[in-house]
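Structure first, commentary second.
Any read-out appearing in this document is the output of simple, stated calculations on the displayed coordinates, not a laboratory observation. The shown structure was predicted, so the numbers you read here are calculated from the model rather than taken from an experiment. Note: ideal-geometry Cβ built from the backbone for every residue, glycine included; neighbour counts use all protein chains shown.
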Amino acid sequence: GDSLIVPGGRSVPAVFNRSTGALSYFELNAGGKGVGGSFVIADDKSFFVHTRQRGVREFELSTGTKQFLQCNEPVLYNGLLLTAADSGGKPVVKVHAADRRVLWEAPLDGSGDLILSGGTLYAAGASGIQCLTLPAEPQNVAADNPPLTRTLIPPAAIRGNIQRLLAADQRLFAVTAEGHLHAFAETAETAPVLHDLITPLPVEPAPANATETAAALQQSLPAEGYALWFGAADTPLLCAFATHSPFVQLACIDDNPARIAELRKRWTDLRLYGKVTAHLSAPQHFLTAPYLAHAIIVGAELSSSISTDPETLNKIYQSVRPYGGILQLLCRPAEAAAIAAAATAAKPEQATVEINAFGVRLIRTGALPDSADWTHLHGDIANSRKSGDARVKLPLGVLWFGGSSNLDVLPRHGHGPGQQVVDGRLFIQGINTLSARDVYTGRVLWRKEFEDLGTFDVYYDATYKETPLDPAYNQVHIPGANARGTNYVATAEHVYILEGAVCRVLDPASGQLIRTIELPHENPDEPQEWSYLGVFQNVLIGGMGFAKYRQRLDLSFAGEDGKLGGSKAGFGSKSLDRAGSMMLVGFDRLSGKLLWKIPAKHSFWNNGVIAGGGRIYCLDRYPKQVEEKLQRRGIAAPETYRILAIDPQTGRELWQKNDNVFGTWLGYSEQHDMLLQAGAAASDRLSGEPDRGMMVCHAENGEVVWHQPDLQYSGPCILHNDMIIANANSYKDSAGAWFLKTGKPWLIMNPLTGEESPFTLNRAYGCNTILASENFLTFRSGAAGFYDLTNNSGTGNFGGFRSGCSGNLVVANGVLNAPDYTRTCSCSYQNQTSLALVHMPEVETWTVSTLVRSDGPAQPVADLGINFGAPGHRRDAAGTLWIEWPAVVTETSPAHITVNPEATAWRRHSSAYADSSRPWIVASGLQNVTGLEIETTLGGKQAAKAPAKAGKSDDCLTAPPVTDNCNWKLQLHFADPNARVTDTAAQTRRFDVLLNGSVVLENVTVQPGSSVVQEITATTADKQTLRLEFRALEGQPVISGIQLQRTSP
C-alpha cells in the first residue's frame, strides 16, 4: 500500500505516507506496557509488532489502533494469518481468516519460528524442523482434513534451540539461541559441508624480522580494548602485528583499494576477520569515535606526511583514550626528531611526546581537561550532587551504546546506589556483584561476585521477581540508598565495598581483592553491621551498627506499617531503621589501621555524614516518626540533637551545634567553606524527611549565616557553585534556587519580556531526583531529560531512552554516562541500553521553557523568536528564545498569531541546512503563506491547544491596549522545504513582503534547497499588531522564522 512502517525499537512503529513522506501517526502509548519491538510485519489491513516475549500484537494499519489478537510467529499469506499456537497441550499451526476466525490447524511445532517460502511452511521447535505444503486455496481447506506434515530435520541433528529460520539460495538456515548457525540443502543422500569458516587456511607467513618487530611493538602497548592502524604500506609488519593482535578489535585504515582487498582476503583466510578489520579510507576522512582506542599505530609512510599536516594528526589523535592511551608514529630514527617537533607543535590535547625505538610516541596522559570524577552516592563526600565536569556541554550525541546488559544492575524500583565514575572506569553494583566498565567504549572490564552484599530488603525486597521481560509490575518502590546510603565507594586507588561486617578493598583496574578491613567489635560473636561508608583524604569512614530504632528504643510501628499498602509497603520502619548509624569509626584507608571511634547520642543520619575543608560533619538526631513515638511516652525531643564537626585524622571534636537541628541532609561547599542543613523530602525517600527549612552555616565554626525555617522545597538540594538548587517533582515547577551566601532567590532574565523572575524548572514524570554538572542538570522527564544552566533555555529530552528510577545520568570523565538502570521496565521507550553521550554541536536540541507562559496577564514583547513548525523551544547564542508555533510540545503558545488557513507547516532535520548560520531555524516553516498577523504581547490566552496546522489563532483574554508607538527590528528567515533537492522540476520561489500594507521586501528569492535571511524595521501603535503579507511572484511563499526585537521605547 501507500504506508511506510518504521519500527521503533521497543515501541510501536511510526507510519508515514510513502508518497509524500508525511507522518500518519506515531502513538508511543498505543501498545501499552509490554508491546513494541523491532520486528514488524504487515499487509494492507494490519501490522503486527513484537511484545516483550516472543508474541506479537495486531494493530489496524489505517489508524494504529490496537486489536484484540495476540499470537506467536505470525506469517501473512494472501489475506490469511498463520500462527504458532497450542491446542490441547500440543503444538499446532493455526490458519486464521481475514476476520481472524480459525479456519483449520495442523500439527506443526513452530514455537521457535515459523516461515513461508515457495509455498512451503517451515516450522522450528522441540520437534526439530517440520514442514507442510500449502494448497493452492488454503482458505478452503476442511478443518478435519489439514495438509500432511513431515519432519525435515530431527531434533538430534540440531545443536541448541532454534530461534530463527531463514530461506535463501535453495537452502534453509537455522539460528539457535546458543549461537549456532545451521545450513541445510535438499540432496539425495547426505548434505555436504557448504563452508568451513573455522579452520584457518594456509597463508604466506610474515617475514621473521616483521614478526619480531611486531611482537616488540605489541609488548610496548596496552594490550586491551580497541586499536587502530593507519596506513598499510608496510604490509608485512601490519600482517605480523594483526596475526597475534591482543585487542578486542584492530581496525586498519588505508586509501589503497588493492592493499585493503589483500588484507581482507588474508584475514578472512586466517579466520581473523571481525577481530581484525580493514577499511578503505583516507585517514583524514575516516570517522572514528573520540577516545576509542587504547593504541593507535600510524605506518611509517603516513607518519612522514603527518609531520606537515597537523590537522590530520589531531584528527587521528582525538580517538586516543585518556588515562594513558598511545598514538605511535612509526618512522626511521633519522626522521624521529623532526616528526616529534611537528607533533609537539600541533599541540594535541593532554599529550606527552617522546621518541622511542619505533619512532615517535604520543601519550594521552591523565584525565581530559576540565573533566571530573563522580564518587560516593552524591558525586563526592560533600553531598554536593554536582559533578565538577565542565567539559561536557549541550548539545550531546551518542559516543557508544550497548556493551553490557542490565543483568548486573540492581532492580530499578529498589533505588540502589548508582554508578560511580573514576579514572575512565564506571563502577556499578548488581544484587551480589560489582562490575567495572570502560567509560569511553562501554566494554566490561571486570565483574566480581560476592556471597552476600546485604542488598536484599535494602536495595530490593521480596516483591522482586527475576522476570525482566514480564510487563507485570515488578518490585515495589522502596527508599533503598535514599535512606541507607551507598555500600560502596570508588576512588582512584581502591574500590571499597561492604560485605556484612567487613569492608572489601579491591583493585579498581582488575577487581582483585587487596585486603579486608573489619570493624572493631566489642563482642566478636555478635558483629555489628557496617552501616555507613565514606572516604575523605586518607581516611575510610565507617558506620558501626544501624540505628534500629524499633529494637533499641522498644518501639512498634506495626500500625503505621500496616497502613502502607501497595507500592508504599517498602517505606515502613525497616527502611527507617537503616537510615542511621550508632557509631562512626575512622580507618587509615591505605593500611586499614583504626584511627578513632565516635558514638552517636541518638543516631548519625547516613545522609548527614559528609566531609570537606579538612573536617567531617555529622548530623545526630532521631527521625520525625521516632520523635512522635517518644512524645507519646512523654519524652520530649532531646536538646542534645547536634551537628558535629570532627578532625578526620584523630576524631577530635572541632565544634558542635545544638540549636535548630531540624534537617535530614547536610551538604558542604568547598568553594565557600559553608555547610548546608536541609530536608530532603521527595518521592521515593523516607516519609518523615522535612520539606521546609534551610540553614547555611560557616563550616569552620558552625556559626549561622542565614536560616529560613519556612522555606518550602523538594530535596535533596544541589550545591552548584554559588547556588542551592532544589529538586523538582513530576509535573511541577521546582521551588527555585537560592544564593548560598545570602539565601536570596536566584532571579533570571526572561528574554521574551526583559523582566526578571525566580529561576524554576519543570519536568514531566520522573521517579528520580536531579543531578548536576557544571553546565546542565540531568533527570528523568518521561525520557532522559536535561536543563541547560548556561542559557536557562528550559527542560529538554535526549530522546529514545529513559533514565533510571535512581539518577543514572552522570556527567564525569568528559562524557555523560548513562548505564541502563531500567531492568524490568516494560514501558515503550525505543531503546533499552547503556550508552554514553559527548558534546556534538550539530545535534538538534529542543526544550520546553517555563519562561514561555500562555497563562497570566499579557506582557509586551522585548525579544522574541518565532520558529514556525519547530518541535519545541530553543535559545540562540545571542540569548533570543525561539518558541514553536503552532504549539506542538506545549499545550498552547503564548504568541498571538493568525495565518491564512491554507498555510501548512513543514519540517526537515537541520542537517539538511548545514550551510545556514542557524540551520535549526530554517529546517521548518510555513508554506503557501499569504497573510500573517503577530500581536506584540504575550500570554493572556485561554488554555486551549493550538490547531494542529497553521490557521486561526486562539482567542485572547485581556491584552491591555497600548497606544504608544513601538519601534521594532524584524529578522525574517525564509527556506525552501525541499532541502538538498535533486528534482529538476523544483521551483524557485519569488515573492514580495508587505508590512501593514506597504512593500518592505521586493522579489525575495528562495532557490530550491536554500535559505535567505532579511531584516526590516517596523513601527506599531494602537493594537500593537504586525501584519505581514506575502505576494507570490513565482511558486508558493514560505516563512521559517521571525525575530521581533523592540528597539524603543
### Query
Whose amide H sits under 5 Å from the amide H of Ser3, counting only residues 5 or more places off or on another chain, with H placed in the peptide plane?
Arg18
### Using θ = phi - 60° and Karplus 6.51 cos²θ - 1.76 cosθ + 1.60, couplings along segment 1035-1049 (whole Hz; Gly, Pro as x)
x, 8, x, 9, 8, 9, x, 9, 9, 10, 10, 6, 9, 5, x
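Hey, fewest Cβ within 10 Å first, where do Arg515, Arg391 land in order?
Details: Arg515 12, Arg391 20.
Exposure proxy ranking, most exposed first: Arg515, Arg391.
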#### Entry: Amide proton proximity set for Trp229, modelled H, under 5 Å, gap of 5+
Ala251, Cys252, Ile253, Ile297
### Task
Have a look at the DSSP beta bridges in segment 208-364 and tell me what percent are antiparallel, nearest 5.
35 percent
### Summary
Of all DSSP beta bridges having both residues in the chain, the percent classed as antiparallel (nearest 5) is 90 percent
## Note on the structure
All alpha-carbon distances of segment 376-525, grouped into 10 Å bins from 0, give the whole-percent distribution 10, 35, 37, 15, 2, 0
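Just want the ordering: Thr268, Thr742, from fewest to most Cβ atoms lying within 10 Å of their own Cβ.
Numbers: Thr268 16, Thr742 11.
Least to most surrounded, the residues fall as Thr742, Thr268.
Please work out the ratio of the alpha-carbon Rg of segment 218-362 to 2.2 N^0.38 Å and round it to two decimals.
On the way: Rg = 14.1 Å, N = 145, 2.2 N^0.38 = 14.6 Å.
That works out to 0.97 for segment 218-362.
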### Query
How high is the relative contact order of segment 3-185, in percent, counting Cα pairs under 8 Å that sit 6 or more residues apart?
10 percent
### Summary
Calculating percent of Cα pairs over 59 Å apart from this structure picks out, from [x] 21; [y] 65; [z] 15, entry [x]
### Task
Starting from the Cα of Lys574, draw a straight line to each of the lysines and keep only those under 20 Å, dropping any in the same chain fewer than 8 residues away.
Lys548, Lys563, Lys624, Lys629
#### Entry: Dipole of the chain [Lys/Arg +1, Asp/Glu -1 at C-beta], most positive-end residue of Phe247, Gly545, Leu719
Gly545
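Where Lys and Arg each count +1 and Asp and Glu each count -1, what net charge lies around Pro348 among other residues with Cβ under 14 Å from its Cβ?
Net charge in that neighbourhood comes out at +1.
Quick check on the exposure proxy: order Lys601, Lys624 from fewest to most C-beta atoms within 10 angstrom. Don't skip to the end; give the middle numbers.
On the way: Lys601 14, Lys624 17.
Fewest to most other Cβ atoms nearby, the residues stand as Lys601, Lys624.
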### Summary
Mean separation of Cα contacts under 8 Å (at least 6 apart) over the residue count of the chain, i.e. the relative contact order in percent, is 7 percent
### Query
Considering amide H positions built from the backbone, and no H for Pro or chain starts, which residues 5 or more places from Leu1033, or on another chain, come under 5 Å of its amide H?
Arg990, Phe991, Asp992
### Query
Where in the chain are the helices, taken as whole DSSP H runs, whose Cα atoms extend 15 angstrom or more along the long axis and whose Kyte-Doolittle mean reaches at least 0.5?
333-345
### Rounded to whole Hz, the Karplus (6.51, -1.76, 1.60) HN-Hα couplings of segment 906-914, x for glycine and proline
9, 7, 10, 7, 5, 4, 6, 10, 4
### Task
Would you give the gap between the C-alpha center of segment 287-366 and the C-alpha center of segment 1-71, rounded to a whole Å?
50 Å
#### Entry: Under 18 Å from the Cα of Lys657 - aspartates and glutamates, other chains or at least 8 residues apart
Asp620, Glu639, Asp647, Asp673, Glu700, Glu703
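Apply the a/c threshold of 1.5 to the C-alpha gyration tensor of segment 131-225 and tell me whether it is rounded, prolate or oblate.
Details: a/c = 4.31, a/b = 2.99, b/c = 1.44.
Because a/c hits 1.5 or more and a/b exceeds b/c, segment 131-225 counts as prolate.
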### Query
Straight-line reach from Lys66: which aspartates and glutamates have a Cα under 14 Å away, not including same-chain ones fewer than 8 places off?
Glu27, Glu58
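Around Thr51, what is the net charge, scoring Lys/Arg as +1 and Asp/Glu as -1 over all other residues with Cβ under 15 Å from its Cβ?
Numbers: positive: Arg10, Lys33, Arg52, Arg54, Arg57, Lys66; negative: Glu58, Glu73, Asp470.
Its environment carries a net charge of +3.
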